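All of the numbers you see were taken from the coordinates with simple rules; none came from a lab. Just so you know, these numbers come straight off a predicted model, no measurement behind them. With ideal geometry, Cβ positions are generated from the backbone for all residues, glycine too; neighbour counts draw on all protein chains shown.
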Amino acid sequence: MKHSTKALASLCVAGSALTVPATAAEKQTFQLEEVIVTAQKRSESLQEAPISIASFSQDQLTEKGIYRLEDLQSQVPNLQFSPHPNSATTPRIFIRGIGLIDDQVTLDPSVAVYMDGVYLARSQGLSVEIADIERIEVLRGPQGTLYGRNATGGSINFVNRQPVTEAFEFSQQFTVGQRDKFYSKTIANAPVHERAALKLSYLKSTQDGFVDNEGTGVDRFGDTDREAFMLNALWRVADNVELRYTYDQSDIEDTPAYVAQAPTGFNVGKRPSKGSASVANLERNDVDSSGHMATLIWQINDAMEFKSITAYRELEAHTYQDYLTGAFAPLPIFTTDYNPDQEQFTQEFQLQGNYGQLNYIAGLYYFEEEGASDDFIDQPLSGVSVARRTEIDNSAYAGYGQVSWTPDAFEQRLTVTGGLRYSVDERKAKLAQNVGPINTPVDAGPFFGNGDNDFDNLSPSLILAYDFSDTVNAYAKYVEGYKTGGFSIRSSSIARFNEGFDEETVTSYEVGIKSELWQRRLRINAAAFSMDYDDIQVSVQSDPNNSSVSDVVNAGEATIEGLELDLTALLFSRLTLGFSYGYTDADYDEVLSPTGVDETDDFRFIHIPRHSINTDLSYDFPATPYGYVTASVNYSWQDRKYSDTTKKIIPVRNGIDDYGLLNARLALKQIPVPAGELEIAVWGKNLENKTYYISHFFTGVPAAFYGEPRTVGADLIYRF
């Protein structure tokens, strides 16, 4: 951290020196476009936000081939995704090494995902395809002050495009590719009054998996079949009052991902093309998610705005997984049938504005959810079936505020920001479980576990920001983050389940620089951080003879340090270079077993490559009467990492070796046609056809999920 801080300080001084006024001959007529974000609950330039953030516009999402949340991994250093072993439609998200590896409804994620400011509490279904998105923001580091649910790792914000009243707009995209890939996205915006407009978005996406099912049931492992619909309505009730309503619905009917037997260590096996003929009745997943949201924005006066965000969401899912049928016998090691459902209600009030040299935001937040999950596990090799039912009833309350002050001193170059958030969580859970002989209907039986815990937390933040010039500024930041406690349905005893586990906290120290140099043709943003991670919710195997029994305890303390660098350079008027780098070093300082035994040396962080790099190069050719051509190449690389479990049961059992992926796209844009324009593009992903793992899982033997092979395709996009 010391060396990183010195490097950033040097960069601040150098950047300030580089921004001396240019002569008329030296001035350029082109520069990088400004990026607007809402990371701090208000619209501001990316360069002014004192936070490590990556933002992607709708055009960038299309050009980079980002169709779903997981595609962001190759674009954002220190961001990692992996499919949950029970369901590839449930992504596990890690930022700066902090994430959640389980999908229990009794556990909260460490990285919070929001849609237009509404918190999505459950990870199931987050693999839905991206529809009408204005931008996606990835906030790295704990978000302890301004966001609806505190998060220790970071946040991902989806910002949808709102309807416009000025004109009718329409766009249609068709994408086709290998393995019968088909993608269709339709968006229509219609003014219905000078103060009102409606927007409809519909998306359909299908593609065959790359592993055939030689047994019975669905034809392939890893098929994608996804559908999404969104209705947006805008009504300007008065000149200073705006009402928005959104309804969204998505359906995921993918088939299970293929779990392949894998070699130990960092070795990579041959990517399979077919499964075992002994697979029986492989089932398709079915995940339905929908939600209503109403947002009221009242511009009280030029200096004050009130906002109300009210939302209700529902989730219903069925996921199925077959584990290693044919690896040792004609039977699977086990199969899982997981059926969660959940509903949630959130209400948030915000008041923000400015008064003299002060900018402020204050808010109240309420969250409640009810849910249940039915879990069925068949273990043919041991001859037993397990039925489990869990019910949850959770509530959360929070009040927060943040004030920024720019004093007259220092030529108004210094801004001091202080924030505070008080959170209260009330969590209840019930558990029923029963074991019976295989191939016999098993009922979970009556509830015998009953957990009821309350948690509260006060999270402060302090930021000092200084403008060295109009285009170079630096900041130092102190922030605390918190994640509520919960219960583990795989606890070793009823008492352990009822007791549950406590909250975990993160204290983060960060220094950063935001700069635009070379007449705004070069953008360099960097951040160095050090985090004290305390009372970590660690899953420990309580029974050495039974890997399915584990307790979650607040047993861990760790230190995580790292660096993030984002660079964009407009090398020439038509050539743009993008480069980003992430470095993370994470170590457990202490881990104690439930009996107090020091197990620090037995634990390691997962999904945290030490180095990760992403680079882009794009060129826009001169315009012609038939449009203009743009070419882009992207290469992403990440260091080796671990991905199975934090416990070193077998040394280097679950390593993923370093790998790089090469993508490219060639497009002819703005082709003039009657009443609009066309875009035609060809693209390729993983052009070198690299064989690599995206995750591991231990089922008695090492097993892994493979990344997708080379895929090429074409886009046709019409807009008017």
- Net dipole in debye of region 58-142 [+1 Lys, Arg Cβ; -1 Asp, Glu Cβ; about Cα centre; nearest 20]: 320
- Mean projected area in nm² (Cα convex hull; one quarter of hull surface) for region 242-395: 15.1
- With x for Gly and Pro, the residue-by-residue ³J(HN,Hα) of region 457-472, computed from phi through the Karplus equation 6.51 cos²θ - 1.76 cosθ + 1.60 at θ = phi - 60° and given in whole Hz, is 7, 10, 10, x, 8, 9, 10, 10, 10, 9, 8, 5, 7, 5, 10, 9
- Using the 10 angstrom Cβ neighbour count as an exposure proxy, how do 348, 370, 688, 33 rank, fewest first? 33, 688, 370, 348
- Message: If you wrap a convex hull around the alpha carbons of region 295-353, what volume per residue comes out, as a whole number of Å³?
- Response: 107
- Could you run the Debye sum over the Cα atoms of region 561-651, one equal point scatterer each and no solvent, and tell me log10 of I(q)/I(0) at q = 0.16, 0.20, 0.22 Å⁻¹, two decimals? -0.78, -0.97, -1.07
- Cα convex hull of region 115-230, projected area averaged across orientations, nm²: 10.4
- Note on the structure: Candidate cut points under chymotrypsin sites (Phe, Trp or Tyr not before Pro) in region 316-363, DSSP loop plus at most 14 other Cβ atoms within 10 Å of their own Cβ, are 328
- Enumerate the whole-percent occupancy of each 20 Å bin, from 0 to the last occupied one, for all C-alpha pair distances of region 2-719. 16, 52, 29, 3, 0
- Across the alpha-carbon set of region 484-608, Rg over Rh with Rh taken as the Kirkwood radius works out to 1.21
- Sparse-neighbourhood loop sites, trypsin sites (Lys or Arg not before Pro) in region 171-249 - DSSP loop, at most 15 other Cβ within 10 angstrom: 195
- Top positive-direction residue, dipole computed over region 2-719 with Cβ charges, set 712, 93, 631: 631
- Task: Work out Dmax and Rg for region 169-261 from the C-alpha atoms and quote the Rg first, both in angstrom.
- Result: 19.3, 63
- Task: Return the long-range amide H neighbours of residue 485 (sequence gap of 5 or more, or a different chain), with a cut-off of under 5 Å between placed amide H atoms.
- Result: 503
- Task: Measure nothing but the geometry: give the 0 to 90° angle between the long axis through the Cα atoms of 2-18 and the longest principal axis through the Cα atoms of the chain, rounded to 10°.
- Result: 20
- Taking the convex hull of the Cα atoms, report for region 449-527 its projected area averaged over all directions, in nm². 7.8
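For the chain, give the magnitude of the charge dipole about the Cα centre (Cβ charges: +1 Lys/Arg, -1 Asp/Glu; no others), in debye to the nearest 20.
Around 2000 debye, computed over the chain.
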- Ordered by number, the GluC sites (Glu not before Pro) in region 473-535 that occupy a DSSP loop and have at most 11 other Cβ atoms within 10 Å are none
